[in-house]
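The values are calculated or read from the model by the stated rules, or taken from the named source; none is laboratory data. Given the structure is predicted, the values throughout are model-derived calculations rather than measurements. Note that we place each Cβ from the backbone using ideal geometry, even for glycine, and neighbour counts take in every protein chain shown. Keep in mind that these areas ignore ligands, DNA and RNA; they rest on the heavy atoms of the full protein, side chains included. Shrake-Rupley method; radii C 1.70, N 1.55, O 1.52, S 1.80 Å.
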Amino acid sequence: MNKPVQARPLGPVMLDVVGTVLNDDDRRRIRHPLTGGVILFARNYANRSQLVELCRSIHDARPGVLIAVDHEGGRVQRFRSDGFTRLPAMRKLGELWDKDVLESCKVATAVGYVLAAELRACGVDLSFTPVLDLDYGQSEVIGDRAFHRDPRVVTLLAKSLNHGLALAGMANCGKHFPGHGFAEADSHVAIPVDERKSKEIIAEDAAPYGWLGMSLSGVMPAHVIYPEFDAHPAGFSKKWLSVLREKMGFEGVIFSDDLSMEGASVAGNVVDGAHAALSAGCDMVLICNSPDKADQLLAGLETSHAIDLARSAERIAALVPVTPGKDWDRLQQERAYRSAREQVALIS
């Protein structure tokens, strides 16, 4: 009897593609054994049929690869036209909470379901959501992406949204551990620093991660330095990621934030950054908007034998949906989806 063909383990690198269709260099990078994921952006989207074909070609190039996107709602929603529902900023759910707790949880579940069902109908496996940062009202890069200032409200709304994602067969990823809401600088263009005491940060900002517990599938640490606790940004800090793993019992995937961001520059070049993130405890590192750096990263990690990636590959594979998404046209006729869209429209 022939043995079944074993799927190739997913590698620790998530990279992007250049345009709306794959070119030869895209395919080469996706097929690299160290690639485990592809992240999409607005530039990769023209319309739904094109997105479906792009996702199909990515999966054809590397069966089982994880396709992800930042699709939170509000100003961070990559696909907005050709039938995609305009999702509200998460602060809208927090404002609804202040008026009606149970209604806000119901609508949060509806938002999660619509978000995930539409993406999965097009072949996207994961959205990097929910944002678990607290709304201190002083971080422009976070701003209305956060649910609320109260970590208890953030936790319960995120739990409801995650339930909606799960109903559509999608995992989740909380971000940005232990919290980016207090730091004013934008880690895309600067190196944010939060000088508060670690006791305060863990008790307040990081609390949702502990309270959500096993319902969290993934976590993305912040490119923020908390000097009272460690000199390294959280995503490169073994101390911070040990808090997440050992103190909070998190067993899912830890994603680095984009290594091409300014907040990651303290670790050196992208290869140095990837080594630092993986050594600290990340399972997968992201490199975005820089194809040349993606090539540099893949080549640099290929020659390294210092990091055991087997456990990380298992965690990453667990995020890949086990069933196909629903057909888009059939989804439009589904009663639960139509009801959820109506609920979302009330606060969008």
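Using the beta-carbon distance between R311 and K99 and R0 = 41 Å, what value does 1/(1 + (r/R0)^6) give for FRET efficiency, to the nearest 0.05? List each step's numbers first, then the result.
Numbers: r = 44 Å, r/R0 = 1.08.
Step by step, r from the Cβ atoms, then E = 0.40.
Roughly how many percent of the accessible protein surface of segment 1-143 is carbon and sulfur, given a 1.4 Å probe and a whole-percent answer? The computed percentage sits at 51. Can you pull the Kirkwood radius for segment 41-194, inverse mean 1/r over Cα pairs, to one decimal in Å? Answer for segment 41-194: a Kirkwood hydrodynamic radius of 16.0 Å. With no solvent and one equal point scatterer placed on each C-alpha of segment 278-348, evaluate the Debye formula and give log10 I(q)/I(0) for q = 0.14, 0.20, 0.25, 0.27 Å⁻¹, two decimals. Values returned for q = 0.14, 0.20, 0.25, 0.27 Å⁻¹ are -0.74, -0.92, -1.17, -1.24. Per residue, segment 70-211 exposes 35 Å² of accessible surface when a 1.4 Å probe is rolled over the protein heavy atoms with every protein chain present. Sequence-ordered 3J(HN,Hα) estimates for segment 39-54 from the Karplus curve with 6.51, -1.76 and 1.60 and θ = phi - 60° stand at 10, 9, 10, 4, 5, 8, 10, 10, 6, 5, 5, 5, 5, 4, 5, 5 Hz, glycine and proline given as x. Size descriptors for segment 1-132, from the alpha-carbon set: Rg then Dmax equal 17.2, 63 Å. Give the calculated FRET efficiency between E228 and N269 to the nearest 0.05, with a Förster radius of 30 Å applied to their Cβ-Cβ distance. For R0 = 30 Å, the calculated efficiency reads 0.60. Working from the Cα coordinates of segment 221-300, the gyration tensor eigenvalues give, after taking √(5λ), semi-axes of 22, 14, 9 Å in decreasing order. Annotated for the chain: lysine pairs at least 8 residues apart or interchain, Cα distance under 21 Å, count 20. Just the protein heavy atoms count here, and of the accessible area of segment 203-348 at 1.4 Å, carbon and sulfur take up 50 percent. For F177, the amide hydrogen comes within under 5 Å of the amide hydrogens of M220, A222, counting only partners 5 or more places away or on other chains and with H modelled in the peptide plane.
Each Lys and Arg Cβ is given +1 and each Asp and Glu Cβ -1; about its Cα centre, the chain then shows a dipole of about 1040 debye.
Considering only alpha-carbon pairs that sit under 8 angstrom and 6 or more positions apart, the relative contact order computed for the chain is 19 percent.
Once C-alpha pairs closer than 8 Å and six or more residues apart are averaged by separation and normalised to the residue number of segment 200-241, the relative contact order reads 22 percent. Projected over all directions and averaged, the alpha-carbon convex hull of the chain occupies 17.5 nm².
Sorting the segments 140-148, 155-163, 47-55 by their residues' average number of neighbouring beta-carbon atoms within 10 angstrom, most packed first, yields 155-163, 140-148, 47-55.
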